[in-house]
Amino acid sequence: MDVVQLFVYGIVLGSILTLGAIGVSLIYGILRFAHFAQGDVAAFGAYIALSVVVASGLPALAALPVAMLAAAGLAILIDQTVYRRLRGASPVILLISSFGMALVIRSLIQLVWGPHNQTFASGIQIPYRVGGLVLKPDHLLIVAAAVALVVGLHLFLTRTRMGKAMRAMSDNMDLALVSGVPAERVVMVTWALAGALGAAAGVFLGMDTRLHPQMGWSVLLPVFAAAILGGIGKPYGAIAGGLVIGVAMEMSTMVIDPAYKPAVAFAIMVLVLVVRPQGIFAGKVL
Amino acid sequence: MDFLGLESYLVAMLTTVGIYAVLSLGLNVQFGLTGQINIGIAGFYAVGAYTAAILTTSESVHHLGGFGLPFVIGLAGAVLMSALIALPIGLVTIRLRSDYLAIATIGIAEIIRLVFKNEDWLSNGVRGIPGIERPLAGWLGTNAHVTLAVVLVVLAVVWWLCERARVSPWGRVLRAIRENEQGVTAAGKDVVRFRVQAFVVGAAIMGLGGALYAHVVGFISPEAFMPLHATFLVWVMLIAGGAGNNTGAIVGALIIWLVWSGTELVTGRLPPEFATQASSVRVLMIGVLLQVILIARPQGLLPERAPRAVGAARGRGK
């Protein structure tokens, strides 16, 4: 297939991975553990959107705010009921707990929405043709919405008190705490943001491909690869990381079997870990 | 259920528990002793199973081999192969903190699954490998009791080796690394080497578990290695039994397998429209159980006991 065409697909996938990776990075920055349920929170958001779409007949993008709110609520709920009780324990315990939580969420999704593949809209979209390029309307929507969300996050992190408090806690936890940053509130907002951005990633992934209970788990590896490549704990690095991983995964199909796309993300991640474990943007080395 | 039915059910159940106990012991070397997080248990388990299957089945045009080698060679091959795959992963990630290793193991398990699913020449793809003989079938026959005995003997040997390792200087260094890495470095130990060793040994034990599984079940396909079921159950088993305690790893395997089987009683009562969802209900219950254990009793049923300090008199305890 055309190189430029694959590049475009890569940007679409990269936008989706970016949103997931920002969530992972935010959580790591504040709570210092790799949240393995992030993909399944994203899948939960996608399925909420599906319910809204089915009930209202609106397009998936219109259901996005509901999905983001619901996933933010889910993330806060998980934190308050489980992770909060484990905060004193080692990050290893939190990591295992989040792995278990990932399965709990996935089982719930399967129970409520069923185990089969589903799509937001049936039928074929009529693509735009620009030169030799084939652009699906959904692809444009995904990239535009992802850009809008990232800009919104940027404004939040730089212009609001809460955003500044989050960055302060991520940079230097002790200093932020003695400066009077309301730790528990920051933690809650972090979960809400990570959940909401994850839900956006899930909805976009569902628009791009299909919904499936395993969808969250299958993007988890590329999402973490993107977060690590960008420098974990650095939300801005996640943007670069997401785009690089997304483009690399799509372009790789020119030379290898598309079934091995996840292996490409893995290979890049291993390379980064060997060469520059702090990532492009000098994030934290776990 | 009549007596014979009950007996054969018990034999099959204990055989399965034995295999899970082997996996749980493997994870205990990695997590319990050394504090490493391996979310890719299913990957090493699958490598062991496929290696044993390819080495021991009779020649087939559908997959690599089979080489028709004896059971014991199959086990050895499975151990070796899992260790060989774990080695580079260990070397790359082990200098970094456990989170990276955890993510990397997700990746390696996923790739292993994709390889067995897509490379028909190697593994016959989704159609799987049939006709794997019961352990030592040529010598002792295909009796289920013999199979159980073989699994239990292997389990006993693995337990004994793990227990020896735990109280040995090697195990002491691993625990010391888990507790205080800088201290161990300062004491002049090559931390990276010990950690790689622990990871590889643990993965090799998981490969052994996979080989046993292949021989017990007789047929393997990528479906059987749903990454999460194997990996997740083994984690719950080790945490419930007591991470760091080899006996706890076995007790945890037994109890959690009983609970897992027990959840079937619950799902059996579900209305028919949920019947297809039974496995997700079961995973849901075990997932909630894991959270409860982590919050209420993170040390597990049999907490880790420090071995007697060097030089302490016998019988005076810790």
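The values are calculated or read from the model by the stated rules, or taken from the named source; none is laboratory data. Here the structure is a predicted model, which is why all the values come from computation and not from measurement. Cβ atoms come from the backbone with ideal geometry, glycine included; neighbour counts cover every protein chain shown.
Values for this structure:
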read-out	value
Residue satisfying condition, being surrounded by 20 or more Cβ atoms within 10 Å (Cβ to Cβ) and at pLDDT below 95, within set B:Leu69, B:Leu55, B:Leu87, B:Leu91	B:Leu55
The lone exception for A:Ile239 - which of (1) among the β-branched types (Val, Ile, Thr); (2) more than 12 Å from the chain's Cα centre (by Cα); (3) more than 12 Å from chain B (Cβ to nearest Cβ) it fails	(2)
Pick from region A:243-257, criterion within 14 Å of chain B (Cβ to nearest Cβ) and within 22 Å of the chain's Cα centre (by Cα), ranking: surrounded by the most Cβ atoms within 10 Å (Cβ to Cβ)	A:Ile245
Test: residue in region B:280-296 that is more than 12 Å from every other protein chain (Cβ to nearest Cβ), at pLDDT 75 or above and assigned to a helix (DSSP H, G or I)	no
Any helices (runs of 4 or more DSSP H) falling wholly within region B:80-171 and containing at least 1 residues that are over 18 Å from the mean Cα position of the chain (by Cα) and free of Cβ contacts under 8 Å to residues at least 24 places away in the same chain	B:98-118, B:137-140, B:144-167
Boolean, B:Val234 is more than 9 Å from chain A (Cβ to nearest Cβ), aliphatic (A, V, I, L, M) and surrounded by fewer than 20 Cβ atoms within 10 Å (Cβ to Cβ)	no
Conditions (1) of a type in the set (A, V, I, L, M); (2) surrounded by fewer than 17 Cβ atoms within 10 Å (Cβ to Cβ); (3) not in a helix (DSSP H, G or I); number of the one not met by B:Ala243	(2)
Residue in region B:49-97 that is farthest from the other protein chains (Cβ to nearest Cβ), counting only those that are polar (S, T, N, Q) and in contact with a helix residue (DSSP H, G or I) (Cβ under 6 Å, 6 or more places away or on another chain)	B:Thr56
Criterion: modelled with pLDDT under 90 and surrounded by 17 or more Cβ atoms within 10 Å (Cβ to Cβ) - qualifying residue of B:Val184, B:Val173, B:Val158	B:Val184
Given (1) touching a helix residue (DSSP H, G or I) at 6+ places or on another chain (Cβ under 7 Å); (2) at the interface with chain B (Cβ under 10 Å from one of its Cβ atoms); (3) closer than 22 Å to A:Ile48 by Cβ, index of the condition A:Gly114 fails	(1)
